[in-house]
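Visitor: Would you mind keeping the following structure in view while I ask a few things?
The values are calculated or read from the model by the stated rules, or taken from the named source; none is laboratory data. Computed from a predicted structure; not experimentally measured. Quick reminder, even Gly has a Cβ in these numbers, built from the backbone with ideal geometry, and neighbours come from all protein chains shown.
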Amino acid sequence: MKQAIEIGMLPVDAGANTVDVEHITKIVNRVYAASEKGLWKDGAARITTTEVAEYIGNGEVAAAWTNGQIVGCIRVCQMSEDTAEFGMLAVDDACQGAGIGRKLIQFVEEEFKEKDFFYMQLELLVPQQGLHEVKEGLRQWYMRLGYQKAYMETMEASFPQLVPMLAVPCEIHVYQKKLQ
């Protein structure tokens, strides 16, 4: 029997729940360690519990639950008057392939469409040279969801503090989807 998935924004006071914050942080770091293998130096953590708690406290994190257990998350924030951006999309290993990631994206798209935003965007970290198989798969998946490449940025310009943690030179590809 298929388990029901519930999706919703985490209340801002959930950032004080250290158990959930640690659980979400572990999910995100596990997923990103696998999907960005070879892009970061060994031991580089993608996100900290402090950052996750801050994002939740800002009202920027939605979660997916099944049987009362958080199994996935997504962060969404306003970038401009008409554009929101999602990131930190991660689904627990045991629940991968069940459509939870797609449901999390659809949830934040609908939330921001109702708030009269025109665009949703995401950033995809990719190596400057060669093809990263997982990132290419993600690019194709996002395109199937209606996202189109809008522009690219250098890591040095976008996240200079992260550059020393990279194992290979990378850049950010920004994809957008029209919501209205």
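Visitor: Just to be sure, is N67 surrounded by fewer than 17 Cβ atoms within 10 Å (Cβ to Cβ), out of contact with any Leu (no Cβ under 7 Å at 6 or more places or on another chain), in contact (Cβ under 8 Å) with a residue 40 or more places away in the chain and over 28 Å from G130 (Cβ atoms)?
Guide: yes
Visitor: Here's another thing I want to ask about it. Can you run down the residue pairs with Cβ atoms below 8 Å, 6 or more apart or on separate chains, where the first is in the stretch 124-142 and farther than 21 Å from Q106 by Cα and the partner is among the hydrophobic types (A, V, I, L, M, F, W, C) and outside any strand (DSSP E or B)?
Guide: L125/L39; L125/M155; P127/L39; P127/V168; Q128/V168; Q129/V168; H132/L39; V134/A34
Visitor: Go through (1) touching a strand residue (DSSP E or B) at 6+ places or on another chain (Cβ under 6 Å); (2) within 21 Å of A33 (Cα to Cα); (3) modelled with pLDDT of 95 or more one by one and return the number of the condition Q140 breaks.
Guide: Failed condition: (1).
Visitor: Looking only at the stretch 25-56, filter to residues that are among the hydroxyl-bearing types (S, T, Y) and closer than 17 Å to E85 by Cβ; which one of those is surrounded by the most Cβ atoms within 10 Å (Cβ to Cβ)?
Guide: Once the filter is applied, the top-ranked residue is Y55.
Visitor: Output the number of residues of the stretch 126-137 satisfying the condition of being farther than 18 Å from A34 by Cα and in a helix (DSSP H, G or I).
Guide: Qualifying residue count, the stretch 126-137: 0.
Visitor: Would it be correct to say that E156 is farther than 22 Å from I47 by Cα, part of a helix (DSSP H, G or I) and among the acidic types (D, E)?
Guide: For E156, the condition - farther than 22 Å from I47 by Cα, part of a helix (DSSP H, G or I) and among the acidic types (D, E) - is not met.
Visitor: So, in the stretch 11-27, exactly how many residues are in contact with a helix residue (DSSP H, G or I) (Cβ under 7 Å, 6 or more places away or on another chain) and more than 22 Å from D93 (Cα to Cα)?
Guide: Residues in the stretch 11-27 being in contact with a helix residue (DSSP H, G or I) (Cβ under 7 Å, 6 or more places away or on another chain) and more than 22 Å from D93 (Cα to Cα): 3 in total.
Visitor: List every residue pair whose Cβ atoms sit under 6 Å apart, with the two residues 6 or more apart in sequence or on different chains, where the first one lies in the stretch 15-34 and is at negative phi and hydroxyl-bearing (S, T, Y) and the second, anywhere, is at pLDDT below 90 and surrounded by 15 or more Cβ atoms within 10 Å (Cβ to Cβ).
Guide: What qualifies is Y32/R46.
Visitor: Going through the stretch 141-153 one residue at a time, which ones are of a type outside the set (F, W, Y), closer than 14 Å to G101 by Cβ and not in a loop (DSSP other than H, G, I, E, B)?
Guide: Scanning the stretch 141-153 gives a single hit, R144.
Visitor: Given the conditions (1) in contact with a helix residue (DSSP H, G or I) (Cβ under 7 Å, 6 or more places away or on another chain); (2) touching a residue at least 40 places away in the same chain (Cβ under 8 Å); (3) of a type in the set (G, A, S), report the number of the one that G8 does not fulfil.
Guide: Here G8 clears every test but (1).
Visitor: Under 6 Å between Cβ atoms, at least 6 apart or on separate chains: pull out the pairs that start in the stretch 81-97 with a residue that is surrounded by fewer than 16 Cβ atoms within 10 Å (Cβ to Cβ) and end on any residue that is not in a strand (DSSP E or B) and not hydroxyl-bearing (S, T, Y).
Guide: Matching pairs, first to second residue: D82/F117; D82/F118.
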